[in-house]
Amino acid sequence: MVTVLRLPAARRDGPARIARAPKLLAFVSALLLAAFPGAGRAGEAAPAWAVYDAPPYMIADGPDRDAGVFDRIRHLLDDRLSGTPQPAVVMPFPRVLASVKDGVPLCFVGGVRTPERDGFALFSLPVAMFYPLRIVVHAPERARFEARGPLSLEAVLADPALRSSMLKDRSMGDGIDALIRRAPPSRVHADFGEAFRMLLADRLDYLVEYSAMAAYAGEKLGQRGTFVGLPFAEAPAPVFSRVMCPKTDWGREVIARVDAVLRAERPSPSYRATVEAWTDDADVATVRDVYDRAFLASE
């Protein structure tokens, strides 16, 4: 059984400030070292893990707990690296980044590599993919968006009459990140469930989100099919997710071990099935094409 530690959520009035607070990060390190004396020690076979709730990639609560795509990959890595489930620390995503940046001895399955993060983190080979990305709307609003003609994300983001929200510090790949920086949504949400509840209540007009997340959120809210994912002209390429560790000697050792496991496991049917888990039926063929054409060859 995985040992799970939970950190309190960041306050809404200053998540970035709190996430970077030295006392909090020292507390995370001390917590790991006290509960798991081997954490971060050179020669350890597997790391402790940072986790947050981002279903269906990471599922921290409910009946599907620990059955997300990244959860399954995390368990596979534990099995191959040590044969023993390693501790998981549940924390908001800004704290994941802040902890890695400060060298806290834990790793995260599902990190997106960016130039900025390369300055403080190390990344494994890709473990899975975020794909496809859509403009997600409440189903009754579908006609309003389709009436705009061919959708452009740039145009939708720039429309001040349309309300949206974004998870703080998230990356969706260089091209989409650049569009969002030019016209950022006016709201920031702390977790994905919050964003989908606001969309369902028509407090938001749309989200820029992955189709698997929208489909799962609708199911969990008892509103299957209530969220519709609309393609847009910029048609971003798949974003590959990776294991992210601190840029330390310990992190370098962990990433080397993780990469060895991934090279052996990624071509297997069972690993492919893990990556496809929770994929909407309409997207399976597309995901399989990316898997064969780009994912297996990616570094």
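The values are calculated or read from the model by the stated rules, or taken from the named source; none is laboratory data. Because the structure is a prediction, the values reported are computed rather than measured. Neighbour counts are summed over all protein chains in view; Cβ atoms, including those assigned to glycine, are modelled from backbone coordinates with ideal geometry.
Looking at region 79-106, I want the residues that are touching a residue at least 24 places away in the same chain (Cβ under 8 Å) and over 14 Å from P47 (Cβ atoms) and have a partner that is of a type in the set (S, T, Y) and not in a strand (DSSP E or B) with Cβ atoms under 7 Å, at least 6 apart or on another chain. Which pairs are those?
V90/Y52; M91/Y52; P92/Y52; F93/Y52
Name the single residue that is modelled with the highest pLDDT among those in region 128-167 being among the basic types (K, R) and part of a loop (DSSP other than H, G, I, E, B).
Here is the first cut: in region 128-167, the residues among the basic types (K, R) are 134, 142, 144, 148, 163.
Now drop any that are not part of a loop (DSSP other than H, G, I, E, B), which leaves 148, 163.
Details: R148: 93, R163: 97.
This residue is R163.
Would you say L122 is surrounded by 15 or more Cβ atoms within 10 Å (Cβ to Cβ), outside the structural domain of R182 (by TED's automatic domain parsing), in contact with a helix residue (DSSP H, G or I) (Cβ under 9 Å, 6 or more places away or on another chain) and modelled with pLDDT of 95 or more?
The answer is yes for L122.
Under 20 Å from R65 (Cα atoms), of a type in the set (A, V, I, L, M, F, W, C) and surrounded by 20 or more Cβ atoms within 10 Å (Cβ to Cβ), is that true of A190?
Here the answer is no, as A190 does not meet what is asked.
When R170 is evaluated against the numbered criteria (1) under 20 Å from P236 (Cα atoms); (2) modelled with pLDDT of 95 or more, which criterion, by number, is the only one it fails?
Unmet condition: (2).
Could you list all residues from region 169-208 that are closer than 20 Å to V96 by Cβ and of a type in the set (G, A, S)?
S171, G173, A190, G193, A195
When region 203-221 is examined, which residues are found to be within 21 Å of E146 (Cα to Cα), assigned to a loop (DSSP other than H, G, I, E, B) and modelled with pLDDT under 95?
Of everything in region 203-221, nothing turns out to be within 21 Å of E146 (Cα to Cα), assigned to a loop (DSSP other than H, G, I, E, B) and modelled with pLDDT under 95.
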